[in-house]
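Asker: I have a structure I would like to understand better, so I am pasting it below and will then ask my questions one at a time.
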Amino acid sequence: MRQKIMISLVLFACFFLVMTMIPASAQDNPPSSYKVVGYFIAWGIYDREYYVTAIPAELLTHINYAFANVSENGECILGDEWADIQIPYPTDAEDAPIKGNLNQLRLLKEKYPHLKTLLSVGGWTWSDRFSDAALTPESRAKFAASCVALVRQYGFDGLDVDWEYPTGGGLNPDAGRPEDTENFTLMLEELRRQFDAQGEQDGGIHYLLT
């Protein structure tokens, strides 16, 4: 028994020694060879009381902020303005123009420059208007333009389109059309085109699209 205890102590000491020899940069920054993506849900600040300030950003490469909504006019809009830009965090200045989760994401990116943030639009509850937004060239162009504007306004690095699902509609399964699959591809192409055009105007920024 005593021998087993001694072996355990030696193994623990070796493990501790190895961990202390790892450079701080290796612990603080995720490897660049792969992506570590986390979803942050806006409503997590309510019952769960999970805030942006609790995100272990040193372990992530990307954060998807969920969710933006699709308006009745087929435009990309904030899903919960109170959570997104209004709820005061303890570090927010009283006269800050933007508060809430989105300001905290901005501060998080300042602290961890490697971190990228994407605005997720849709989700199970808010996918029923995607079909209309993707229906025609005009509706796709309008939707894409509004998404680009929203991403730029709040300092995101790109957009995550969470359509659940083409031909379905998520919470409202009757909202889809048979042609949704093709239109979804066309909508993504229009988003990519507009993000690329805006990126050139913004000095060569490559906006992400997932």
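The values are calculated or read from the model by the stated rules, or taken from the named source; none is laboratory data. Here the structure is a predicted model, which means the values were calculated and not measured. Here the Cβ positions follow ideal geometry from the backbone for every residue, glycine too, while neighbour counts run over all protein chains shown.
Asker: From the set of residues in region 85-103 that are surrounded by fewer than 22 Cβ atoms within 10 Å (Cβ to Cβ) and under 14 Å from F156 (Cβ atoms), which is nearest to the chain's Cα centre (by Cα)? Before the answer, list the steps.
Answerer: Restricting attention to region 85-103, the residues satisfying the condition of being surrounded by fewer than 22 Cβ atoms within 10 Å (Cβ to Cβ) are 85-99.
Those left that are additionally under 14 Å from F156 (Cβ atoms): 85, 98.
Working: I85: 15, I98: 18 Å.
It comes out as I85.
Asker: Further question on the same structure: In the set S146, S131, S120, S127, which member is touching a Cys at 6+ places or on another chain (Cβ under 8 Å), polar (S, T, N, Q) and either under 23 Å from E81 (Cβ atoms) or assigned to a helix (DSSP H, G or I) (or both)?
Answerer: Numbers: S131 fails: touching a Cys at 6+ places or on another chain (Cβ under 8 Å); S120 fails: touching a Cys at 6+ places or on another chain (Cβ under 8 Å); S127 fails: touching a Cys at 6+ places or on another chain (Cβ under 8 Å).
Only one candidate qualifies: S146.
Asker: Right, here's the next one. What are the residues in region 42-87 that are closer than 18 Å to K116 by Cβ, of a type in the set (A, V, I, L, M) and part of a loop (DSSP other than H, G, I, E, B), if any?
Answerer: Passing the criteria: I55, L60.
Asker: Anything in region 88-116 that is at pLDDT 95 or above, of a type in the set (S, T, Y) and either outside any loop (DSSP other than H, G, I, E, B) or over 23 Å from T210 (Cβ atoms) (or both)? List them, or say none.
Answerer: Selection gives Y89 alone.
Asker: Given the criteria among the polar types (S, T, N, Q) and exposed (fewer than 14 other Cβ atoms within 10 Å of the Cβ), does T167 qualify?
Answerer: Values: among the polar types (S, T, N, Q): yes; exposed (fewer than 14 other Cβ atoms within 10 Å of the Cβ): no.
So T167 fails the test.
Asker: Kindly indicate the residue of region 74-100 that is without any contact (Cβ under 8 Å) to a residue 24 or more places away in the chain and of a type in the set (A, V, I, L, M) and also nearest to A149 (Cα to Cα) among those meeting that condition.
Answerer: A96
Asker: Of the residues F184, F195, only one is outside any loop (DSSP other than H, G, I, E, B), surrounded by 14 or more Cβ atoms within 10 Å (Cβ to Cβ) and either in contact with a Leu (Cβ under 7 Å, 6 or more places away or on another chain) or free of Cβ contacts under 8 Å to residues at least 40 places away in the same chain (or both); which? Show your work before the answer.
Answerer: Details: F184 fails: either in contact with a Leu (Cβ under 7 Å, 6 or more places away or on another chain) or free of Cβ contacts under 8 Å to residues at least 40 places away in the same chain (or both).
Result: F195 is the single residue among F184, F195 that is outside any loop (DSSP other than H, G, I, E, B), surrounded by 14 or more Cβ atoms within 10 Å (Cβ to Cβ) and either in contact with a Leu (Cβ under 7 Å, 6 or more places away or on another chain) or free of Cβ contacts under 8 Å to residues at least 40 places away in the same chain (or both).
Asker: When the residues of region 170-181 are narrowed to those that are at pLDDT below 95 and assigned to a helix (DSSP H, G or I), which ends up surrounded by the fewest Cβ atoms within 10 Å (Cβ to Cβ)?
Answerer: Ranking the qualifying residues of region 170-181, first place goes to D174.
Asker: Looking at (1) touching a helix residue (DSSP H, G or I) at 6+ places or on another chain (Cβ under 8 Å); (2) under 18 Å from E72 (Cα atoms); (3) not in a loop (DSSP other than H, G, I, E, B), which one does R152 not meet, given that it meets all the others?
Answerer: It fails just one condition, (2).
Asker: Report, by residue number, each residue of region 131-164 that is buried (at least 18 other Cβ atoms within 10 Å of the Cβ) and of a type in the set (S, T, N, Q). Steps first, answer last, please.
Answerer: The initial filter retains those residues of region 131-164 that are buried (at least 18 other Cβ atoms within 10 Å of the Cβ), namely 131, 133-135, 139-140, 143-144, 146-148, 150-151, 154, 156, 158-163.
Within region 131-164, S131, S139, S146 meet the criteria.
Asker: Can I ask one more? Six or more apart or on different chains, Cβ atoms under 8 Å: show the pairs whose first residue is in region 32-54 and surrounded by 10 or more Cβ atoms within 10 Å (Cβ to Cβ) and whose second is acidic (D, E).
Answerer: A42/D80; A42/D84; W43/D80
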